[in-house]
Amino acid sequence: METTTSEDLLSEIEGLKLRLSEAQEAIDAIKTGSVDAFAIRNDGKPEVFTLQSLDYAYRVLIEKFGEGALNLTRDGLIIYCNSYFSTLLGMPNEKVTGSYIFDLITDETRERFQEHFVLALQGSSKTEITLSANNKKIPVYISLTSLQPQLATVGMIVTDLSEKKHNEQRIIDYQHRLQIQNKIFNLAEEIASTGSYEWNLQTGELAYSDNLFRMLGCLPQEFVPSTEKYLTFIHPDDKEQLNKTPLQLTYRIISKNGEVKYFRTTEKEIDDPGRRMIIGTNQDVTPDIINTETLRKKNIELEHVNKSLDQFASIASHDLQEPLRKIRVFTSLLKHRFDADLSVDTRGLIDKINASSERMSLLINDVLNFSRICHAENMFMRTDLNQILDNTLTDFDLLILEKGASVRKGNLPVIEAIPLQINQLFYNLVGNALKFSKAGTAPVLTISSRMLPSEEIENASNLNGQLSYSEISFEDNGIGFEQQFSEQIFSIFERLNSQQQYSGTGIGLALCQKIAGQHQGGIRAEAQENNGSTFYVRLPLTQSADRVVN
Amino acid sequence: MKENMTIFIADDDEDDRNLFVESAKELNKDINIITASDGQEAMRILKDEHSPLPDYIFLDLRMPRINGRQCLAEIKKEERLSHIPVFIYTTSRDVNDSIDLGKRGAVHFISKPDNPTEIYYILSTVLDAKWDQS
């Protein structure tokens, strides 16, 4: 059996006394509230036990505090944190408590925290760091305060800077955007030859944009803007104008380098409470003014030319026709009065003179008709195309009979048109069909119409998509032509066949195209060499109301 | 055709005047023809109370000083002359001219023909017809 000596017992009593006194101290500390928690090392891992005590009210306050509040040991162990802080990190409170604060700080800001934490152990310190938890980075402002000598810990108050940082970033973004907008604005002013100004009506302060200075021939912000100074740039003859307010006017300025420019000023008064001001733009409209002036002069010239053309048409109709008519009158007199005296050769020559003057006369008439169509101010009226066609065919009665031609007519629509012009159009097309017939073949002319489907109207660049069109086709079995000439034939004086073979002036189809155009319509041709041709005339059913007479 | 008929022609073109007179004489050798070589002379003769009143007046359109259109207007204003049928005798083949002059009181618009025999036929038709002025 083991014996216990009195020395052993005495030392054991001493040990127990010491532990008792320690326990007593702890109990006293808990009673006085100077201990919040115990950290007990358990298998090398610290475990913290908190105590509820008299200062419960303060704890509730801290708990409901709108900022993070922590209590850290000298090692940085979190022995307390309020729910605001754990919520901020997005972690359960019990997991935050017992963690080391260093583990919750980003690598970039940990060193800085360390420095301030060391400082705080002696007193207090403040800084910004970034917390890191659950892959989330939270910028915070921290205030560290040593709680010594009462407690061997450091108190830490954490202010979330996320929103502040976010706002700061937004301000930076806005500033950046504003800079870009300003650049765009300046560029736009330069491109548009525009300068702007702001005139504060309360302070009288006037500000010009850089480009306004440039437009005045100055360097940006070269002088302090003022109304008086601006007036010095105004052309002496235009100073009067500027007395009128508020403004939208055009006047001349003389820039610093003596250049005369036209400015157009547009002003707007802004009357916000506490901010009455005038904002205005000055546009350099010199090129516009010059262009308008050039255009005006060109228009006058054009009017002159048009008048000359009209005069020419008139001259062509009378003065040119007059001597021609005389040639014909006198050659026919010659032939009739001296018939018996004339040799066959002489008569042949007289016939040649007659034929040539006849042709000249035709040419003059056609040119005249063409120019009349171009200058037509004729009004449109409801026109039965069947009737026009019948009239046209009557004109060709003799030729139809002579050539043994047959004409097949379909039903044509009633449209708003200039009857005389349509008459001319039909006359030329029927005339061509009969003229360009194949030798030895009786001409067959088929005239029909159809409504043009809307997709065909859209595909035709020369038609007005707002209107309904009828297409009237003139199909013949004549000599035709190669399809490659189908556009060329509508050019004035363009002929595909020799004058000897087929007479004509080369104006007929050009006139047809003009007439169709005058009616907002079109004409096209399809043909094969030696195998007939078809002319398609597309005419709208209606014209704009102001051009139609009843 | 009326006997002792008087016709009046104003034309600045001498050839045309002569051809016209020749054709008229051929139609009726007793016909009385008064000629004027421009509008001014035409109006002086027509307004002169001593000169015989014509049965028909022919006016060229383009004449120096006073043109045919102005003559027509003056004739229609003169009480003594306004009832006389006026024919426009011109080179123009302009339909608009024809319509316009019809409105101003011309009874007919004749384009000068290319063949002198046509003048004869035109005159024979014109001078035989009854041209109602109402």
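The values are calculated or read from the model by the stated rules, or taken from the named source; none is laboratory data. In this text the structure is predicted, and so the values were computed from the model without any measurement. Because the Cβ atoms are built from the backbone with ideal geometry, glycine has one as well, and the counts that use them run over all protein chains shown. Calculation scope for accessible area: heavy atoms of the full protein, side chains included, ligands and nucleic acids excluded. Shrake-Rupley method; radii C 1.70, N 1.55, O 1.52, S 1.80 Å.
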For peptide B:61-68, the mean count of other chain Cβ atoms within 10 Å per residue Cβ is 1
Mean per-residue count of partner chain Cβ within 10 Å for A:321-327 equals 4
Over the stretch A:243-353, with neighbouring protein chains present, the accessible area per residue in Å² at probe 1.4 Å is 67
Of A:132-141, A:343-352, ordering from highest average Cβ density within 10 Å down gives A:132-141, A:343-352
Among B:L61, B:L27, B:L101, the residue with the largest mean-square fluctuation in a Gaussian network model of chain B built from Cα contacts under 10 Å is B:L27
Rounded to whole Å², per residue accessible area for the stretch B:6-128 with a 1.4 Å probe reads 46
With +1 at each Lys and Arg Cβ and -1 at each Asp and Glu Cβ, the charge dipole magnitude of chain A around its Cα centre, to the nearest 20 debye, comes out at 2620
Under the 7 Å Cα-to-Cβ spin-label approximation, A:E259 and B:E14 lie apart by a distance in nanometres of 6.9
Quick shape check on the stretch A:447-488: root eigenvalues a ≥ b ≥ c of the Cα gyration tensor, a/c under 1.5 is rounded, otherwise prolate if a/b tops b/c, else oblate, and it reads oblate
Counting only protein heavy atoms with a 1.4 Å probe and every protein chain in place, the carbon and sulfur fraction of the accessible surface of chain A in whole percent equals 53
To the nearest 20 debye, the stretch A:65-160 has a Cα-centred charge dipole, built from +1 on Lys and Arg Cβ and -1 on Asp and Glu Cβ, of 80
If every Lys and Arg gets +1 and every Asp and Glu gets -1 at its Cβ, then about the Cα centre the stretch A:249-296 yields a dipole, in debye to the nearest 20, of 120
Surpassing 21 Å at the alpha-carbon level, of the pairs A:K229/A:K256; A:K239/A:K261; A:K95/A:K126; A:K403/B:K112; A:K64/A:K137, are A:K95/A:K126; A:K403/B:K112; A:K64/A:K137
Amide H neighbours of B:I110 at under 5 Å, excluding residues fewer than 5 places away on the same chain, with H built from the backbone geometry, are B:I88, B:Y89, B:T90
In the stretch A:329-356, the residues losing 10 Å² or more of accessible area (1.4 Å probe, heavy atoms of protein chains only) relative to their chain alone are A:V329, A:F330, A:S332, A:L333, A:H336, A:R337
Taking alpha-carbon centroids only, the stretch A:436-477 lies from the stretch A:15-30 a number of Å equal to 121
With R₀ set to 30 angstrom, the calculated FRET efficiency between the beta-carbons of A:I300 and A:E487, to the nearest 0.05, is 0.30
Checking rank on A:186-198, B:30-42, with mean other Cβ inside 10 Å and highest first, the result is B:30-42, A:186-198
With x for Gly and Pro, the residue-by-residue ³J(HN,Hα) of the stretch B:19-36, computed from phi through the Karplus equation 6.51 cos²θ - 1.76 cosθ + 1.60 at θ = phi - 60° and given in whole Hz, is 4, 4, 5, 4, 5, 5, 5, 5, 6, 7, 5, 8, 5, 9, 10, 9, 10, 9
Checked against the positive end of the charge dipole of chain B (+1 on Cβ of Lys and Arg, -1 on Cβ of Asp and Glu, about the Cα centre), the farthest of B:T125, B:I33, B:I75 is B:I75
Heavy-atom accessible surface buried between B and A, both sides counted, 1.4 angstrom probe, nearest 100 Å², is 1500
Expressed in square angstrom to the nearest 10, the accessible area of A:V444 with a 1.4 Å probe stands at 40
With every protein chain in place, the residues of the stretch B:76-124 shedding 50 Å² or more of accessible area versus the chain by itself (probe 1.4 Å) are B:T91, B:D114, B:P116
Applying the gyration tensor rule to the Cα atoms of the stretch A:185-243 (axes a ≥ b ≥ c; rounded if a/c under 1.5, else prolate if a/b exceeds b/c, else oblate), the class is oblate
So, with points 7 Å from each Cα along the Cβ direction, the A:A545-A:N531 label distance in nm works out to 5.0
Excluding ligands, DNA and RNA, the carbon-plus-sulfur percentage of the accessible area of the stretch B:6-128 with a 1.4 Å probe reads 44
Rounded to the nearest 10 Å², the 1.4 Å probe accessible area of A:R337 is 140
Each label sits 7 Å from Cα toward the beta-carbon; between A:E7 and A:L249 the label points are separated, in nm, by 12.3
In whole angstrom, the spacing between the Cα centers of the stretch A:138-195 and the stretch B:1-72 equals 106
Sorted largest first, the Cα spans of the stretch A:331-408 on the principal axes come out in Å as 57, 36, 17
Calculated from DSSP helices alone, with each H run of at least 4 adding -39500 (n - 2.57) and the total divided by the residues of chain A, [θ]222 nm to the nearest 500 comes to -14000 deg cm²/dmol
Among A:M381, A:I415, A:L399, the residue whose Cα sits farthest towards the positive end of the charge dipole of the stretch A:381-427 (+1 at Cβ of Lys and Arg, -1 at Cβ of Asp and Glu, taken about the Cα centre) is A:I415
Largest first and rounded to whole Å, the semi-axes √(5λ) derived from the alpha carbon gyration tensor of the protein assembly as shown read 115, 37, 21
Across B:7-18, the residue-averaged tally of Cβ atoms belonging to other chains within 10 Å stands at 1
Rounded to whole Å², per residue accessible area for the stretch A:356-475 with a 1.4 Å probe reads 51
For A:E455, the accessible surface traced by a 1.4 Å probe with all protein chains present amounts, in square angstrom to the nearest 10, to 110
Quick calc, A:Q24 & A:Y58: beta-carbon distance into FRET formula, R0 30 Å, rounding 0.05, result 0.70
For the stretch A:336-434 the GluC sites (Glu not before Pro) that pass both the DSSP coil test and the at-most-12 other-Cβ-within-10 Å test are A:E377
Sorting A:V537, A:S361, A:H166 by the position of each Cα along the dipole of the protein assembly as shown (Lys, Arg +1; Asp, Glu -1; all at Cβ), the one nearest the positive end of that ordering is A:S361
